[in-house]
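The values are calculated or read from the model by the stated rules, or taken from the named source; none is laboratory data. Predicted model only: the values in this text are computed from it and were never measured. FYI the Cβ positions are ideal-geometry reconstructions off the backbone, even for glycines, and counts take in every protein chain you see. Ligands, DNA and RNA are stripped out before the accessible areas are found, and what is left, the full protein with its side chains, is counted by its heavy atoms. Shrake-Rupley method; radii C 1.70, N 1.55, O 1.52, S 1.80 Å.
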Amino acid sequence: SMGFALTKDGRAIGWGQNDRGSLGLGHMTPEPQRPTELPLKDVVSIATVRGAAAAVTRDGRVWTWGDNGQAGLGNGLHGDTSDPGQPTPQPVKGISDAVEVKAGSYGRHFIVRRRNDTLTGWGNSDWGQLGAGIAGFFQPTPKAVALPGVEAYWLGGNFSFARTKDGAI
């Protein structure tokens, strides 16, 4: 497993497993890594699923790296056991207004909140936990959740829920 921390000045520090590029350091190593700064600046939010990570930078972009086994890279693909991984952070296409990213427990899915108070997600959607009408499979391309006015949101293993500005859950 891996861990990340954010500093007050927007730096991200990662440590732990890096066998499929899970730390976003631009290389892969079989042995666990000591805390090392990632090559991203102005990070405001970071989250991890099983083997993959996503970070939001102040400019609204979302960056992903690591293992794509749960379709966590948001690049339209779903990796299998032979997928080598993506060791260098790459921007997720089509998102330039993100403010926050969260990950479902059990390493299944990512959802970002956008500046217009909507949600967009990708990854595992076996139980429809991404809210975009897909269940029983992966959702490798980011898709919007048809829920306007989101004020806060939370992700579990097989579910997600949100509170809208009118107080509805």
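Structural remarks
- Among Pro89, Pro142, Pro30, the largest mean-square fluctuation in a Gaussian network model of the chain, built with springs joining Cα atoms closer than 10 Å, belongs to Pro30.
- For Ala52, residues with placed amide H under 5 Å, excluding near neighbours: Asp67
- A Cβ-based charge dipole, computed about the Cα centre of the chain with Lys and Arg at +1 and Asp and Glu at -1, lands at about 320 debye.
- Members of Lys41/Lys143; Lys93/Lys143; Lys8/Lys93 lying beyond 19 Å, as alpha-carbon distances in this model show: Lys41/Lys143; Lys8/Lys93
- Net +/- balance of residues flanking Gly107 in space, Cβ distance below 11 Å, scoring K and R +1, D and E -1: +1
- With all protein chains in place and a 1.4 Å probe, the accessible surface of the stretch 60-169 carries 55 percent carbon and sulfur.
- Heavy-atom accessible area order for Leu130, Leu25, Leu6, largest first, 1.4 Å probe: Leu6, Leu25, Leu130
- Residues Asp117 and Thr36, FRET efficiency given R0 of 35 Å [Cβ-Cβ distance, rounded to 0.05]: 0.50
- Comparing Ala146, Gly66, Gly51 along the charge dipole axis of the stretch 33-151, the residue lying farthest to the positive side is Ala146, per the Cβ-charge model.
- Full-stretch length increase - Arg58, His27 - with 0.36 nm per residue and alpha-carbon distance subtracted: 8.7 nm
- The label-point distance for Ala168 and Ala144, in a model that sets each label 7 Å from Cα toward Cβ, rounds to 1.7 nm.
- Full-extension gain in nm, Glu151 to Ser82, via 0.36 nm per residue minus C-alpha separation: 20.9 nm
- Computed 3J(HN,Hα) for the stretch 83-99, one whole-Hz value per residue from the Karplus formula 6.51 cos²θ - 1.76 cosθ + 1.60 where θ = phi - 60°, is 5, x, x, 10, x, 10, x, 10, x, 7, 5, x, 10, 10, 9, 6, 10, glycine and proline marked x.
- Note on surface exposure: Ile95, Ile134 rank Ile134, Ile95 by accessible area, highest first, 1.4 Å probe.
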